[in-house]
Amino acid sequence: MRLVVETLSGERGGETIFAGVSFALGAGEALLVTGPNGAGKTTLMRVIAGLLPAATGTIRFEGGGEAFPDVASALHFLGPVNAMKAALTVRENLEFWQSLAGPRHFQVCDAMDLVDLRRTADLPFGYLSTGQKRRIAIARLYLNYRPLWLLDEPTSGLDADSTAALAHFMREHLGDGGMIVASTHLPLGLDDAQTLEMGG
Amino acid sequence: MIALFLRDVKLGLRAGGGALVGILFFLAVIAVVPFGVGPDLNLLARIGPAILWIGALLAGLLGLDRLFQADREDGALDVLLVHAPGFNLALAVLVKCLAHWTAAILPLVVASPLLGLFMNMTPQGIGATALTLLVGTPAIAFIGAVGAAVAVALPRGGLLVSVVILPLVIPVLIFGVSAAYAAVNDPDPFLPPFLILAALTLFFAVIGPAAAALALHHGSD
Amino acid sequence: MNENVATGWSITALANPTRFISIADKVIPWLGGLAALAIAVALWMGFNAPEDYQQGVTVRIMYIHVPFAWLAMFGYSMMAASALGTLVWRHPLADVSVKAAAPIGAAFTLLALVTGSIWGKPMWGTWWVWDARLTSVFVLFLMYLGLIALNRALDDPSRAAKASAVLALIGFVNIPIIKFSVDWWNTLHQPAAVFRMDGPTIHASLLWPLMISALGFTLLFLTLHLMAMRTEILRRRVTAMRRLAARRADKG
């Protein structure tokens, strides 16, 4: 499985934010998108996710077989916010996303075990701390298997411990042959990752 | 899809949801009318169906601006859009509209016969009005979804949604009220306006979510 | 805490939620029993009281309608007094009392409206008229519902407490104004019959069951109010414990 991005450019409101971005990512590889605020990290992530149209260039997902014929079906997107409802319990939130994203990979309980938060299952999501919320958001990615994780600012608002936990989950996903594209301005603890430096 | 429906209904009814406020608004609007036009029971009976329809319309518009905005703020809308292949966005919008209708507007329809009593309406008029509301109000949610989708990125889109939507729901109001009146005033036929009302709802059930899905797809930034 | 001492020993003791719950546990069965007894006696007396020569048997609905209407007002007064307790004395249970009283008051107001409606149908020939008395009770009902909605919308109890206390007090100030304005607007309901300067105009054989019924339903209101307060305190404890559970989920 390969994610191939060629001469991609993106614009917002008619203004070109970035241009000429090319990279290729194989199984087990990660790409860190770095750069100052306003460099277009988020725009790039959203273009890859299909939330914004690309001005020029192509994004292909190769070798996904029948299960993952295109980019959209192969990716999990995690934005700066967690996509969970504060009023619903953790379990209700996770069960909802699992039912929407296609075939199951992990049971809801097992996914909560993976992020070590099984005991919060019946608490409203709003009661959790920032780090716990982020880990539950990661647990969502385990519910349905998608090889490509698109993580936009995954460490925003996290302390050192939670960041380390996050890096651990990311390394495990890579070890399973997954791919990660993450935008960040902090080192994530992924040693052998490619880096894409966006100009300011 | 059932999960989406259940989640939205649950969120609407749970603490902080707008369902209770919608009913209260409906009650308050209906209660204010007699103060304005005077307590003449004959007059109230005559304008009753129209007042109930206008009240339901305004109350139905109340929570609409949050239909997609809440999901946008917590990132759920992005994830919904990403999962769009194999997950038809227009269908999702339709389901969200139905959930909004169930949680916020259906209670108004259920409460309308009681308010009909306040308006001194005849049992037949009450029944006809409740029936037209039941059939007609989903159209408000479907049209409202378009306004909500267009205004999703605006910080204070609530008022704008109402302004954009109100002219579009006028046909629904016309046929709803005329069907309700036709049930009371004998020579007028009840069925034709009622069937047109049902047709409008079905028509907007297709057009509304499709347009809203289009707007959401292009409006994401 | 000086203010609490000044307002008396019992209030200070009740300020402790645990003490309150243990006292409430003891009081509620007695209060409830007394309420049931009084209501049973009142209903029995009511059905044995002479019929009204004009209204016939329908007059008997008075024995529940009048207490409901009186409790609708009593409930709001109690809420306003508790609201004062929240804002002025910062009594920790006052906002629990406001929150607990609102649904009960709303229920009694609704019952007053419904029984009045049932009484009105044979008397006036219609379920509802926009008469001064009826209208002001209906507005009172809307105000109760508004308070309940506000309480539900605000998650944080301390913020909800201040906001609903302010709203309850404004409503209390507004009730007389609404009452007088709709009095001037229109009237059909009969004038007050029991509490008058020149003594009751109602015959003693009707008055006694009415008074006992009012007493019984007032006791019922107090019982329900205590139970609702106890429930609310426990609910807050559950919330606090769940937050604690979320914090502890990481450790161990």
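The values are calculated or read from the model by the stated rules, or taken from the named source; none is laboratory data. Everything quoted here is computed from the prediction, not taken from an experiment. Here the Cβ positions follow ideal geometry from the backbone for every residue, glycine too, while neighbour counts run over all protein chains shown.
Brief remarks on what is shown
- Tally of residues being facing another protein chain (nearest Cβ under 10 Å), aliphatic (A, V, I, L, M) and more than 21 Å from residue C:142 (Cβ to Cβ) across segment B:1-44: 6
- Checklist (1) surrounded by fewer than 24 Cβ atoms within 10 Å (Cβ to Cβ); (2) hydroxyl-bearing (Ser, Thr, Tyr); (3) under 12 Å from the mean Cα position of the chain (by Cα) applied to residue B:122, failing item: (3)
- Pairing each residue of segment B:78-100 that is at the interface with chain A (Cβ under 7 Å from one of its Cβ atoms) with any residue that is in a helix (DSSP H, G or I) and at pLDDT below 85, provided the two are 6+ apart or on different chains, yields C-beta distances under 6 Å for B:83/A:100; B:85/A:72; B:85/A:73.
- Residue tally, condition outside any helix (DSSP H, G or I) and farther than 28 Å from residue B:96 by Cα, over segment B:155-206: 6
- Looking across B:143, B:174, one residue alone is surrounded by fewer than 24 Cβ atoms within 10 Å (Cβ to Cβ) and β-branched (Val, Ile, Thr). It is B:174.
- Residues considered: A:128, A:100. Of these, the only one that is under 16 Å from residue A:83 (Cα atoms), at pLDDT below 85 and of a type in the set (A, V, I, L, M, F, W, C) is A:100.
- Scan of segment A:177-189 for residues that are in contact with a Gly (Cβ under 8 Å, 6 or more places away or on another chain) and either surrounded by fewer than 23 Cβ atoms within 10 Å (Cβ to Cβ) or more than 15 Å from residue A:27 (Cα to Cα) (or both), ordered by number: A:177, A:178, A:185
- Which listed residue is closer than 30 Å to residue A:125 by Cα and assigned to a helix (DSSP H, G or I), from B:116, B:63, B:48: B:63
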